[in-house]
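Have a look at the structure below before the remarks.
The values are calculated or read from the model by the stated rules, or taken from the named source; none is laboratory data. This one's a predicted model, so the numbers in the text were calculated from it and none came from an experiment. Positions of Cβ are backbone-derived with ideal geometry, glycine not excepted, and every protein chain shown enters the neighbour counts.
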Amino acid sequence: METLLCPIYLSTNALSNDRFSIGLIMACQNTLFFNYSEEKLNKIKHLFPSETYSVIKLYLKSIYKSLYADDTASLLNREELLQQWVNEGYLSYLERYSNNSVLFGKTTKVAIPLSEEVFKKFFEMYVFHYPISVEKEAFMDITKKPMAVTFYKEIEEKVNLDKELTPLDIENLLVNTKVNFIGKNTVPTAGNMLNLQKGIQHIGHSINSFISLTKVLDSNENTKGVYYLIGEEPNKALTANHRLWQELRNTKIVKYVELKDIGEISAYLTQHEVSPYFLPTSC
């Protein structure tokens, strides 16, 4: 099995052969990886005029977004993206028609199966140590991870899924609030999945909105419901995010559950015969 490998370079001068590796693309059949080093880019930014540096940064970021956006945020679906990029001819075309600052290198083939770990090792060989970035990792949607998808299938008949609640749905609710699931038995039950790699303000807003919803539900029902926040430990290098994760694990306001332990929520819904909070509307 052959994997395509295409390094990406920065050139400081169109008349010079000097260049710096900044990113890497590896592709094989239905698998595609791309990343670039913002840290390395920041270390050499003084070599570029400020306007050129801004263009480079925007261009690299746009490639990342185009390859890792979900289908609703992209002009091409995932299958079409793979057909375009897992293509030696297309990568060679990019090599020939690179701009003056960002250069696609010669595409080569390596006889090795492609995986995330393999990509990271090659990235560190060709570019820099592997980057950590809140902004990049924000594109990883926790609800689309295999364990979350399985969880959705297990609970789809017991709760309402991915619903945006409005003041028309819930009395005394002040603002629209999104929940990943909501149901009830003798008490209301609801939950939200958090991408703890996102910006801290975004995460905080999601948590505060959810907690406000739980208080309204408890007040309306005159009871104490069962509420869940689901997430995964963020990278320790994201210090504010990691601190928030630790606080969530210790909070008594709602139940925090790691994604790997999400089966316990499914078990609760089954054991307590939870049913959808909102019944289907008749035609």
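Structural remarks
- Residue tally, condition outside any helix (DSSP H, G or I), within 28 Å of Asp141 (Cβ to Cβ) and without any contact (Cβ under 8 Å) to a residue 60 or more places away in the chain, over region 30-72: 3
- Positions within region 18-43 being under 13 Å from His129 (Cβ atoms), surrounded by fewer than 20 Cβ atoms within 10 Å (Cβ to Cβ) and not hydroxyl-bearing (Ser, Thr, Tyr), in sequence order: Glu38, Glu39, Lys40, Lys43
- Scanning region 60-91 for residues being at pLDDT 75 or above and among the small types (Gly, Ala, Ser) gives a total of 2.
- Checking Glu264 against (1) modelled with pLDDT under 95; (2) surrounded by fewer than 19 Cβ atoms within 10 Å (Cβ to Cβ), the condition it does not meet: (1)
- Highlighted here are the strands (runs of 3 or more DSSP E) found entirely within region 171-242 that include at least 2 residues which are over 25 Å from the mean Cα position of the chain (by Cα): 177-184, 188-193.
- Close contacts from region 216-230, counting a first residue that is closer than 24 Å to Gly263 by Cα and a second that is of a type in the set (Ser, Thr, Tyr) and in a helix (DSSP H, G or I), with Cβ to Cβ under 6 Å and a gap of 6+ residues or different chains, come to Tyr227/Thr214.
- The condition (being in contact with a Phe, Trp or Tyr (Cβ under 6 Å, 6 or more places away or on another chain) and either farther than 17 Å from Glu157 by Cα or loosely packed, with under 15 Cβ neighbours inside 10 Å (or both)) is satisfied by just one residue among Leu213, Leu196, Leu217: Leu196.
- Contacts under 7 angstrom Cβ, first residue in region 194-207 being closer than 19 Å to Lys144 by Cα, partner among the small types (Gly, Ala, Ser), 6 or more apart: Leu194/Ser206; Leu194/Gly231; Asn195/Ala138; Leu196/Gly231; Gln197/Ala138; Lys198/Ala138
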